[in-house]
Amino acid sequence: MTERIRDIAHLSTVELYTPRFEESLWFFRDLLAMREVGRTTEDGAESAYLHCWDDYEPYSIKLTAREHAGVGRVGWRANSPEALERVVGRIEAAGLGEGWVDGEMGRGRTFRYRDPDQHLMEVYYETEWYRATDEDRPALKNQASRYPGFGANARRLDHINYLTADMAGVCDFTEQVMGGFTTEYIQLDDGEVGGHWFTYGQKSYDVVYSDDWTGTPGRLHHIAFASDTREDILKAADIFLENGVYIEYGPYKHAIQQGFFLYVWEPGGNRIELANQGSRLILAPDWKPIGWTQAERAKGQAWGMKTISTFHTHGTPVVEGGDDVANPHEAVAKAQRTAERAGAGEPVDEGLDS
């Protein structure tokens, strides 16, 4: 068994693009209970920095106003200064580096690069820890800030799921260059891989790559925030319902990785997951990756609910002709029409179920 590369500590931040900046800010700040910790304007585009209450670093999400939704820079923290130099050396050897820059919001020097599918990323080591103010100082000094006690109470940024048009390329890059360790994967009947879950530490996964059926590079499937309990996710579903947020899928339990989940689309159109992974940790140093066949996946999620069609087709930025629903506002209208037809005893299939 080849010894694992352990140069990356964890996923640290995600930049999200949104065409509805104020509405998206409301979603993350007022519904997920994230704290706004800064604002910047660069090339005319406004950005807000938001912090999950128990993330130790200065910010969790950078929300940036753009014409289209999608993912911008994604940050990874290295395990040490020496680990940073090693991983940067491998990235440069792979020909995917874009160079060193000054870090944002209390971070030291940062190296930017792209994966083989053109997702923009950065890696760094030096960072300032989040400093709570009098307003959000916690009662317990071993958490980053005060428990918000409202909304969905997103505790921390958990993982990212990228769509990819180059599954073989990104998997090889994640394993050989970044040191990602495979925990689970989907093997399709044609021999291709439909999805691949990687971890850098002992969590069940930090990053996922899902096959992009449109063949478009550089898109986002979703980002996920951790909740403390399943009950938090059930409460969040009611909060989203009351506030007109489109609930796409769940609450329910995944078969792969066994997480309890809820997927919604924030107002800008990006898919957001609230996830409770329970006690799912990879403790075995000789863990054998779990493969799932196409037939096994066709059975649905853990308790039998089928995967809905938009889970395979919706990504950001939206690709014309490749997405069942172009934006969450149309999705809400479609869901309402479906409910009305169901009440009238009419056929209800509008592409939201599979």
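The values are calculated or read from the model by the stated rules, or taken from the named source; none is laboratory data. Please read all numbers here as calculations on a predicted model, not as lab measurements. Please note: Cβ atoms are built from the backbone with ideal geometry, for glycine as well, and neighbour counts cover all protein chains shown.
Taking A237 as the residue in question, decide whether it is over 16 Å from L32 (Cα atoms), surrounded by fewer than 21 Cβ atoms within 10 Å (Cβ to Cβ) and of a type in the set (A, V, I, L, M, F, W, C). Steps first, please.
Working: over 16 Å from L32 (Cα atoms): no; surrounded by fewer than 21 Cβ atoms within 10 Å (Cβ to Cβ): yes; of a type in the set (A, V, I, L, M, F, W, C): yes.
No.
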(message) Quick check on this structure: which one of Q176, Q118 is more than 23 Å from R271 (Cβ to Cβ) and within 23 Å of the chain's Cα centre (by Cα)?
(response) Q176
(request) Report, ordered by the first and then the second residue, all pairs with beta carbons closer than 8 Å, sequence separation of six or more or different chains, a first member in the stretch 83-106 that is without any contact (Cβ under 8 Å) to a residue 40 or more places away in the chain, and a second member that is among the hydroxyl-bearing types (S, T, Y). (result) G97/Y113; E98/Y113; W100/T110; V101/T110; D102/T110; G103/T110; G103/Y124; G103/T127
(request) Identify the single condition in (1) within 20 Å of R73 (Cα to Cα); (2) modelled with pLDDT of 95 or more; (3) surrounded by fewer than 22 Cβ atoms within 10 Å (Cβ to Cβ) that T216 does not satisfy, given that it satisfies every other one. (result) (2)
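Out of the residues in the stretch 127-144 meeting the condition of being without any contact (Cβ under 8 Å) to a residue 12 or more places away in the chain and either closer than 15 Å to R156 by Cβ or of a type in the set (A, V, I, L, M, F, W, C) (or both), tell me which one is surrounded by the most Cβ atoms within 10 Å (Cβ to Cβ). Let's see the steps before the verdict.
Restricting attention to the stretch 127-144, the residues satisfying the condition of being without any contact (Cβ under 8 Å) to a residue 12 or more places away in the chain are 131, 133-135, 137-142.
Adding the requirement that they be either closer than 15 Å to R156 by Cβ or of a type in the set (A, V, I, L, M, F, W, C) (or both) leaves 138-140, 142.
Numbers: P138: 14, A139: 7, L140: 7, N142: 6.
Among them, the one singled out is P138.
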(request) Go through D238, D232, D228 for me and flag whichever is assigned to a loop (DSSP other than H, G, I, E, B), over 29 Å from M167 (Cβ atoms) and of a type in the set (D, E, K, R). (result) D228
(message) Restricting to the stretch 2-26, and then to whatever is in contact (Cβ under 8 Å) with a residue 40 or more places away in the chain and farther than 22 Å from V207 by Cβ, can you tell me which residue is nearest to the chain's Cα centre (by Cα)?
(response) S24
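To keep it simple, each residue is scored yes or no on (1) of a type in the set (K, R); (2) at pLDDT 95 or above; (3) buried (at least 20 other Cβ atoms within 10 Å of the Cβ); (4) farther than 20 Å from V14 by Cβ.
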position: R146; (1), (2), (3), (4): yes, yes, no, yes
position: H159; (1), (2), (3), (4): no, yes, yes, no
position: D172; (1), (2), (3), (4): no, yes, no, yes
position: T183; (1), (2), (3), (4): no, yes, yes, yes
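Determine which member of the set I272, I256, I247, I282 is under 18 Å from the mean Cα position of the chain (by Cα) and under 15 Å from E184 (Cα atoms).
Unique residue meeting the criteria: I256.
Restricting the stretch 84-100 to residues that are over 24 Å from the mean Cα position of the chain (by Cα) and among the hydrophobic types (A, V, I, L, M, F, W, C), which is surrounded by the fewest Cβ atoms within 10 Å (Cβ to Cβ)?
So in the stretch 84-100, the residues over 24 Å from the mean Cα position of the chain (by Cα) come out as 85-86, 89-90, 92-95, 99-100.
Filter once more, keeping what is among the hydrophobic types (A, V, I, L, M, F, W, C): 93-94, 100.
Working: A93: 10, A94: 16, W100: 13.
It comes out as A93.
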(message) Considering only residues that are touching a residue at least 40 places away in the same chain (Cβ under 8 Å) and of a type in the set (D, E, K, R), which ones fall in the stretch 202-242?
(response) K203, D206, D211, D212, R219, D228, R230, D232, K235
(message) Suppose we filter the stretch 1-54 for residues that are surrounded by 14 or more Cβ atoms within 10 Å (Cβ to Cβ), acidic (D, E) and at pLDDT below 95; how many remain?
(response) 0
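Regarding the stretch 285-306, can at least one residue be identified that is in a helix (DSSP H, G or I) and among the basic types (K, R)? Walk me through it before giving the result.
Quick first cut of the stretch 285-306, residues in a helix (DSSP H, G or I) only: 294-298.
From the residues that got through so far, the ones that are among the basic types (K, R) too are 297.
Yes, the conditions are met somewhere in the stretch 285-306.
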(request) Go through the stretch 241-284 and count every residue that is under 21 Å from D55 (Cα atoms), among the small types (G, A, S) and assigned to a loop (DSSP other than H, G, I, E, B). (result) 3
(request) Please work out which residue is surrounded by the most Cβ atoms within 10 Å (Cβ to Cβ), limiting yourself to the stretch 191-209 and to residues that are closer than 16 Å to V14 by Cβ and hydroxyl-bearing (S, T, Y). (result) Y209
(request) Hey, could you check the stretch 251-304 for residues that are among the polar types (S, T, N, Q) and within 28 Å of T2 (Cα to Cα) and say which is surrounded by the fewest Cβ atoms within 10 Å (Cβ to Cβ)? (result) S279
